[in-house]
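The structure appears right after this line, and notes come after that.
The values are calculated or read from the model by the stated rules, or taken from the named source; none is laboratory data. The structure presented is a predicted model; accordingly, all values stated were derived computationally and were not measured. Every residue, glycine among them, receives a Cβ derived from its backbone with ideal geometry; neighbour counts consider all protein chains shown.
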Amino acid sequence: MVTEIARKYLRKDKFPSIWCAGCGHGIILGSLLRSVDRLGLDKNKVVLISGIGCSGRTPGYVDFFTLHTTHGRALTFATGVKIARPELTVIVVMGDGDAAAIGGNHLIHSARRNIDITAIVYNNSIYGMTGGQVSPTTGQGYYATTAPYGQFEYPFDIAQLAIGAGATFVARGSSYHVPMLDNLIKKGIEHKGFALIDVITTCPVNFGRRNKITQDPYENLKFVSNIVVPKSKYDQMGEEERKGKFPMGILKEEIKPELTEVYRQKEEEMGVRYEV
Ligand code: SF4
Ligand code: MG
């Protein structure tokens, strides 16, 4: 059934999508579209930007202004768009490798600057499109094509990385807890400043299949539902219980001057104005 939201926001001629059957990416896209719709944003004033990878295909399916850029660089393009046209709503979607490996430096500097961009990380703990290589968020003990004996390095916690770098809104959701994810993305877009939403999600083909979860989409969603815990419950858990689990909900929310506003203020003080 084609819903009203799909009719309104999807580029129907681009379907079927390239995503594998049962991939979590479509669930996150659904949350993103519902959030934009609930906020009543003009779709001609929303810019959706991606890097490379399975997540990188998202903008191609959506009738906003869209940019499909290079691996790890989506935030740099987004920074340019937002500085030039601060009135636009700028949203970035990234994979975990895209955001925290090749794009890690851009992520921390976007967070540090507090530029008003909403960054959504499709965190499935694997490089999906390139065939299942280990990513910076692959947990210890999980298998990947480049970790045939199990991953033994310490993984990144992307939400903690963003908090440490100065992001002013940081949340974690999952593709299993959809109403909550809708709400977190909506709040992230509403937030004035750099917002990051780490979405724990599934890659049934490259992660599930290699990690005895199987390729079954439901089994993969069940796996996700077991590793995320509401923040209020997580805060009560002991160190041992917390192992392999992630707190879910709003992890940080702070009001701080936003970069494009500071930038315009400086222009006024100096009597210069760069028009685009
Ligand atoms: Fe989704 Fe994984 Fe397939 Fe990519 S490879 S579309 S992340 S299931
Ligand atoms: Mg990935």
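Can you go through Asp198, Asp216 and tell me which one is in contact (Cβ under 8 Å) with a residue 12 or more places away in the chain and more than 18 Å from the chain's Cα centre (by Cα)?
Just one listed residue meets the conditions, Asp216.
Run down Tyr263, Tyr234, Tyr218 and say which single residue is more than 30 Å from Val81 (Cα to Cα) and surrounded by 14 or more Cβ atoms within 10 Å (Cβ to Cβ).
Tyr234
Kindly evaluate Asn211 against the criterion of being within 16 Å of ligand 2 (Cβ to nearest atom), polar (S, T, N, Q) and in contact with a Gly (Cβ under 6 Å, 6 or more places away or on another chain).
Here the answer is no, as Asn211 does not meet what is asked.
For segment 69-85, state whether one or more residues are over 16 Å from the mean Cα position of the chain (by Cα), assigned to a loop (DSSP other than H, G, I, E, B), under 24 Å from Asp42 (Cβ atoms) and away from ligand 1 (no atom under 16 Å from the Cβ).
yes
Taking Ile108 and the conditions (1) buried (at least 21 other Cβ atoms within 10 Å of the Cβ); (2) away from ligand 1 (no atom under 16 Å from the Cβ), which numbered condition does it fall short on, given that it satisfies the others?
With (1) buried (at least 21 other Cβ atoms within 10 Å of the Cβ); (2) away from ligand 1 (no atom under 16 Å from the Cβ) applied to Ile108, the lone miss is (1).
For Ile18, which of the numbered conditions (1) more than 21 Å from the chain's Cα centre (by Cα); (2) without any contact (Cβ under 8 Å) to a residue 40 or more places away in the chain fails to hold?
(1)
Just the residues that are surrounded by fewer than 24 Cβ atoms within 10 Å (Cβ to Cβ) and touching a residue at least 60 places away in the same chain (Cβ under 8 Å), please, taken from segment 167-182.
Hits for segment 167-182 are Thr168, His177, Val178, Met180, Asp182.
Could you check segment 112-144 and list, in sequence order, the residues that are of a type in the set (A, V, I, L, M), away from ligand 1 (no atom under 11 Å from the Cβ) and part of a loop (DSSP other than H, G, I, E, B)?
Within segment 112-144, Ile115, Val134 meet the criteria.
Residues being within 16 Å of ligand 2 (Cβ to nearest atom) and either touching a residue at least 40 places away in the same chain (Cβ under 8 Å) or of a type in the set (A, V, I, L, M) (or both): count how many of those fall in segment 66-103.
Counting residues in segment 66-103 that are within 16 Å of ligand 2 (Cβ to nearest atom) and either touching a residue at least 40 places away in the same chain (Cβ under 8 Å) or of a type in the set (A, V, I, L, M) (or both) gives 13.
Given the conditions (1) in contact (Cβ under 8 Å) with a residue 40 or more places away in the chain; (2) crowded, with 20+ Cβ neighbours inside 10 Å, report the number of the one that Gly208 does not fulfil.
Failed condition: (1).
Would you mind finding the one in Gly60, Gly24, Gly103 that is within 13 Å of the chain's Cα centre (by Cα), within 16 Å of ligand 1 (Cβ to nearest atom), at negative phi and not β-branched (Val, Ile, Thr)?
Selected residue: Gly24, the only one of Gly60, Gly24, Gly103 that is within 13 Å of the chain's Cα centre (by Cα), within 16 Å of ligand 1 (Cβ to nearest atom), at negative phi and not β-branched (Val, Ile, Thr).
Hey, can you tell me all the residues within segment 28-60 that are outside any strand (DSSP E or B), of a type outside the set (S, T, N, Q), away from ligand 2 (no atom under 14 Å from the Cβ) and surrounded by 21 or more Cβ atoms within 10 Å (Cβ to Cβ)?
Matches in segment 28-60: Leu29, Leu32, Leu33, Val36, Pro59.
Please go through segment 104-143 and pick out each residue that is within 9 Å of ligand 2 (Cβ to nearest atom) and either modelled with pLDDT under 95 or of a type outside the set (Val, Ile, Thr) (or both).
Tyr122, Asn123, Asn124, Ser125, Tyr127, Gly128, Met129, Ser135
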